[in-house]
Amino acid sequence: MQVRLFQVDAFAGQVFQGNPAAVCPLHSWLDDSRLQAIAEENNLSETAFLVRNVKGFDLRWFTPRCEVGLCGHATLAAAFVVFNELNWEARSLVFESRSGTLEVKRDGDLFAMDFPALKMVPCDAPSALLSGLSSPPQAVFRVDADQNYFAIYASEAEVKAIRPNLPQLEQLHPYGVAVSARGDNCDCVSRYFAPGYGIPEDPVTGSIHCALVPYWAERMNKRNIHARQISNRAGELLCDVCDNRVQICGRAVKYLEGSIFL
């Protein structure tokens, strides 16, 4: 049995930037253990699997360790594959996922993803979070829907300077940790650590912006947010918040394609 495999750099305009994701179009679902084994073998932060349905595609995401409920960059990568490799002729497509219906629209080389907006709730900082970050944040929030803590800092320089203690942050599993601040040359910057999922630092994380964009939009009294994730690879996200939805836009490029032999 052969499975098609694409590796796509998401939230990037050229290869070797943004966040790489694997995308595997399937004729029908494989056993969960086989899906997990493929994701572990790919050893990328996310592998997206998709199966055609009546209206569009069913979509699932796996890290090297487990399945997750929502992933932005792998959704962008999956949309890129559908539009460019699977001959999808419409300007929009619909994914059905554990997080509900996700619509993606294409405008040239830009892909706009419609995601649910998530509210950040203030909370006390767990001791593992404080010991896992190299400097104390101004404020700490939690979002239970996607199981993440959000640590807010005063400046982009502080976010860049963080040297995480990953074993400490792993104690927060199943919660990951996003750190964010106002940007010097954009509205906000962020980094994301999820060692419990086998992701020490994610290059670009679309899903955390379901919470960060509404937060910064309210703080700045504006709807349109230009976000940058300042990992070593870095990535750009053009976002808009409207009521209970967040639109996250980005580009993607194909790095490789091939076949998995099972």
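The numbers here are math on the coordinates, done by the rules we state, and not lab data. Just so it is clear, the structure is predicted and the values come from calculations on it, not from any experiment. Counting neighbours? That spans all protein chains shown, and the Cβs are built from the backbone with ideal geometry, glycine included.
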Among (1) in contact with a Pro (Cβ under 6 Å, 6 or more places away or on another chain); (2) surrounded by fewer than 19 Cβ atoms within 10 Å (Cβ to Cβ); (3) under 18 Å from Ala74 (Cα atoms) - the single one Pro200 does not satisfy: (1)
In segment 212-228, is there at least one residue being closer than 20 Å to Pro64 by Cβ and buried (at least 24 other Cβ atoms within 10 Å of the Cβ)? no
Looking at Glu103, is it closer than 20 Å to Trp29 by Cα, in contact with a strand residue (DSSP E or B) (Cβ under 8 Å, 6 or more places away or on another chain) and among the acidic types (Asp, Glu)? no
Would you check which residues across segment 57-94 are closer than 16 Å to Tyr197 by Cα, more than 11 Å from the chain's Cα centre (by Cα) and assigned to a strand (DSSP E or B) and list them? Arg60, Phe62, Glu67
Of the conditions (1) closer than 24 Å to Gly235 by Cβ; (2) out of contact with any Gly (no Cβ under 8 Å at 6 or more places or on another chain), the single one that Arg65 does not satisfy is (2)
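Residue-wise test of (1) within 14 Å of the chain's Cα centre (by Cα); (2) among the hydrophobic types (A, V, I, L, M, F, W, C); (3) closer than 25 Å to Pro116 by Cβ.
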{"residue": "Ala157", "(1), (2), (3)": "no, yes, no"}
{"residue": "Ile162", "(1), (2), (3)": "no, yes, no"}
{"residue": "Ala178", "(1), (2), (3)": "yes, yes, yes"}
{"residue": "Arg245", "(1), (2), (3)": "no, no, yes"}
Which members of segment 1-47 meet the condition of being among the aliphatic types (A, V, I, L, M), closer than 17 Å to Leu59 by Cβ and out of contact with any Cys (no Cβ under 6 Å at 6 or more places or on another chain)? Val8, Ala10, Ala21, Ala22, Val23, Leu26, Leu30, Leu35, Ile38, Ala39, Leu44
Restricting to segment 11-38, give me the number of residues that are assigned to a loop (DSSP other than H, G, I, E, B) and surrounded by fewer than 19 Cβ atoms within 10 Å (Cβ to Cβ). 9
In segment 234-255, is there at least one residue being farther than 21 Å from Tyr149 by Cα, aliphatic (A, V, I, L, M) and surrounded by fewer than 24 Cβ atoms within 10 Å (Cβ to Cβ)? yes
Any hit, segment 177-184, residues being buried (at least 21 other Cβ atoms within 10 Å of the Cβ), in a loop (DSSP other than H, G, I, E, B) and of a type outside the set (Gly, Ala, Ser): no
